[in-house]
Amino acid sequence: MSERTPLVAGNWKMHLSRREAEDFCDRLIVPPPPEAEVVIFPSFPLLPAVAQRLENSWAECGGQDLHPETQGAHTGDVSGPQLVDAGCSWVLCGHSERRQDHGEDDDLVSRKVAAAATHGLVPMICLGETSEERKGGRTFEVLERQLNAALRQRPRLFALAYEPIWAIGTGETATPEIAQEAHAYLRESLADLIGAEAAAVKRILYGGSVNPETAAALAAREDIDGFLVGGASLDPEQFSSIIRCWG
Ligand code: PGA
């Protein structure tokens, strides 16, 4: 019996105005509550408005990134305590767009994960290979390296999001077979790091062009415990139908 409650997250990236975000929340948060837990990751300026709209609802919100330090002279960055103060309970760490656009390496991701844990935020740790790495047969090697680094400080609470870079924003969802294979590999690697019992209850989400058409077949796979959704999370109807494919 799996103790893994499905978890569906929406990564809004650098989209939506405050009014659009509030309207989205009003349309999403309707009864009945879904079977899955839900987290929305809006951009920083939207956080207070979204947190207020989601208060006492079945959805939570999180930050898209955080700085490893608690405070200081870091222009443009946001700290863990500031995210908590804005109503966040989760934070994305190591999203491939941060790794690519901002040169985040494994060491920085590891420090961000540790900072999240210190401040009581649950890190959603993103991992995934490029298309060249997959074609070169290096997928597992890359996942292993990213996983080992991200969990160096052994946080107690976290979720993983397997996001193959070739599937993000491309419309090319990984097949359920490909995703399941990577998730099973990640769970085995997790078992080596934190023990089989702890690994068995950790949630591993799939991300990369998930949409209402591809969600159900992915959700049916044993080691796929939810989704990190980008594009389709910007539309409340599409996002809702992905959330409600669980249960
Ligand atoms: P996508 O983005 O669903 O638009 O591919 C997923 C992500 O980047 O988290």
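The values are calculated or read from the model by the stated rules, or taken from the named source; none is laboratory data. These figures come from a predicted structure and were not determined experimentally. Quick reminder, even Gly has a Cβ in these numbers, built from the backbone with ideal geometry, and neighbours come from all protein chains shown. When the accessible area is computed, the model is the full protein with side chains, heavy atoms only, and any ligands, DNA or RNA have been set aside. Shrake-Rupley method; radii C 1.70, N 1.55, O 1.52, S 1.80 Å.
Which of the GluC sites (Glu not before Pro) found in region 1-44 are loop residues per DSSP with 14 or fewer other Cβ atoms within 10 Å of their Cβ?
Filter output for region 1-44: 3, 35.
Taking a probe of 1.4 Å, how large is the accessible area per residue of the chain, in Å²?
With all protein chains present, the chain gives 45 Å² per residue.
Between residue 107 and residue 154, what is 0.36 nm times their sequence separation minus the Cα-Cα distance? Round to one decimal in nm.
Between residue 107 and residue 154, full extension yields 15.5 nm more.
With +1 assigned to the C-beta of every Lys and Arg and -1 to the C-beta of every Asp and Glu, and no other charges, what is the dipole magnitude of the chain about the Cα centre in debye, to the nearest 20?
In debye, rounded to 20, the chain gives about 320.
Roughly to the nearest percent, how much of the accessible area of the chain is carbon and sulfur, given a 1.4 Å probe?
Percent of accessible area from carbon and sulfur atoms in the chain: 48.
When only the heavy atoms of the protein chains count and the probe is 1.4 Å, how do 15, 74 rank by accessible area, highest first?
15, 74
Mean Kyte-Doolittle hydropathy of -1.0 or higher plus an axial Cα length of 24 Å or more: which whole DSSP H helices in the chain meet both?
176-194
Would you work out which of 155, 241, 207 lies farthest towards the positive end of the dipole of the chain, given +1 charges on the beta-carbon of Lys and Arg and -1 on that of Asp and Glu, about the Cα centre?
With unit charges placed on the Cβ atoms, the residue in question is 155.
Please tell me the relative contact order of the chain in percent, rounded to the nearest whole number, where contacts are Cα pairs under 8 Å and at least six residues apart.
It rounds to 22 percent for the chain.
Could you please state, rounded to a whole Å, how far the C-alpha centre of region 198-221 is from the C-alpha centre of region 164-182?
10
Counting only other residues whose beta carbon sits under 10 Å from that of residue 16, what net charge do I get with K and R as +1, D and E as -1?
So the environment of residue 16 carries a net charge of 0.
Using only the C-alpha atoms of region 57-151, find the volume of their convex hull and express it per residue in Å³.
Dividing the Cα hull volume of region 57-151 by its residues yields 108 Å³.
Calculate, for residue 15 and residue 194, the FRET efficiency according to 1/(1 + (r/R0)^6) with r their C-beta to C-beta distance and R0 30 Å; round to the nearest 0.05.
Efficiency, from the Cβ-Cβ distance: 0.30.
Restricting to DSSP H runs of at least four residues, report the calculated mean residue ellipticity at 222 nm for the chain, -39500 (n - 2.57) per run over all residues, nearest 500 deg cm²/dmol.
Value at 222 nm, helices only: -11000 deg cm²/dmol.
Quote the charge dipole size of region 74-198 about the Cα centre in Debye, to the nearest 20; the model charges only the Cβ of Lys and Arg (+1) and of Asp and Glu (-1).
In total the dipole reaches around 340 debye.
Give the average over all directions of the projected area of the C-alpha convex hull of region 96-247, one decimal, in nm².
Result: 9.0 nm².
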